[in-house]
Amino acid sequence: MSMLAEHIDLQAYNSFGLAVNARYFTRAQTLQELQEAVAFARANSLPMLLLGGGSNVLLRADFPGLVILMALRGITEAQGPAGTVLVSAAGGEPWHEFVQHCLARGLCGLENLALIPGCVGAAPMQNIGAYGVEVKDFISDVKVLDIGSGAIETMSNAQCAFGYRDSVFKGALRGQKIVLSVTFALARGAAPNLSYGALADALSDKGAAVSAQDVFDAVCAIRREKLPDPKVLGNAGSFFKNPVLCAQDFARLQQAHPALPSFAAPGAAGERKVPAAWLIEQAGWKGRQHGGAAVYEKQALVIVNRDHATAEDVVSLAMAIMASVQARFGVRLEPEVQWIPALETPLV
Ligand code: EPU
């Protein structure tokens, strides 16, 4: 294993910038270092936490086990079926740089997912998505390390059971696999995806001649306008998922609130996705501060570290928002950010 450090402050390793400590900390730059780190944790019965960019976690307390910083790097290319190119990227590759790499090679599809913070390895975990695209649309397979057996396995797209901000890695296989690399099936010169209204609007002056680079530039511009840069203002992107309501619940809510925006949901007939940001804003939370944590002024779905927030500040603000949206709209918000330890686990 590479160097094992003790009592490390994780502030620089989580995009919220919360100051919590790890009992043990190591960086895995090779598969062997990763395997040795996993063996150390297992031999000492330590809980393990794998961090990539740390951009989708809420570290609620000091971590009593081993934090492994995923630092596997490398990108390879192979010919895929039907003229596609299979691009494999190691889990520790920074996501946005990977998107830029593909664009520079003329490989299209991921440009809608530009500027998402974090690493490639986290992308399948939560099935990252933005501006009309979910990463599952381009994932061919995922190579994982099974923590229990030490085996290296390849999981197909179907085996990953992708859903909206969801995968088998967050469900049935939670805590059992480490993503080593992801293989994407990309095409040269594919037609751009302009299904997201605000993106199509931003590119309307280009007519039919919209390139992948145009989409990339427009997505970057929209994100810079709406979302805070975690390097400047700590945050973990959308804090909650957009709730998906059944036809009945949606009809009830829409009747009470005719201005309620909604989007088609891919699930059962009549299901609608409603923007959590709208519910939170209508409940009066936009811009409100609680301790050092606040609801971002330009996007109510984002909680920011405004002023030396503690984990407790973020947690109590999030809980207050959930209670208020439940009381006002009868809708239960579900966190999108992974809470460590989990929301249900009381802190001792
Ligand atoms: N809205 C408000 N108030 C706000 C912001 C938005 O009422 O402060 C309403 C508006 O009606 C707007 C709608 O919410 O039309 C949707 O807003 P936006 O386009 O900003 O997207 P979102 O639904 O809030 C989702 C993703 C983002 C992704 C964008 C763009 C989730 C949990 N979040 O946000 O993903 O970038 O769509 O596709 O699905 C992330 O996961 O970290 C993330 C940033």
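Every number in this text was worked out from the coordinates using simple rules, so none of it is lab data. Quantities reported herein were computed from a predicted structural model and do not represent experimental measurements. So basically every Cβ, Gly included, is an ideal-geometry build from the backbone, and we count neighbours across all protein chains shown.
A compact table of results
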quantity	calculated
Residues in region 235-259 reached by a label modelled at ALA268 [backbone nitrogen below 14 Å; 7 Å Cα→Cβ]	244-251
Cα-based radius of gyration of region 222-291 once divided by 2.2 N^0.38 Å, which approximates compact folds	1.33
Calculated log₁₀ intensity ratio I(q)/I(0) where the Debye formula runs over C-alpha points of the chain, q = 0.14 Å⁻¹	-1.26
Simple spin-label estimate for GLN255 and ARG23 in nanometres, 7 Å along Cα-Cβ	5.4 nm
MET319-ALA247 pseudo-label distance in nm [points 7 Å out on the Cα-to-Cβ vector]	3.9 nm
Estimated D of region 75-226 in µm² per second, where Rh is the Kirkwood radius over Cα pairs and Stokes-Einstein applies at 25 °C, 0.890 mPa s	155 µm²/s
Amide N proximity, region 114-145 versus ALA187 label position 7 Å along Cα-to-Cβ, cut-off under 13 Å	138
Computed [θ] at 222 nm, helices only, for the chain once each DSSP H run of length n ≥ 4 contributes -39500 (n - 2.57)	-7500 deg cm²/dmol
Using a Förster distance of 22 Å, the FRET efficiency for GLU6-GLN35 (Cβ separation, nearest 0.05)	0.60
Förster-model FRET efficiency, 35 Å R0, LEU86 and ASP146, C-beta, rounded to 0.05	0.95
Dipole-positive endmost among ALA90, GLY330, GLY65 within the chain (Cβ charges, Cα centre)	GLY330
Rounded D (µm²/s) - region 188-241, Kirkwood Rh over Cα pairs, Stokes-Einstein at 10 °C, 1.306 mPa s	125 µm²/s
Sorted by Cβ neighbour density within 10 Å, fewest at the top, the residues MET322, MET70	MET322, MET70
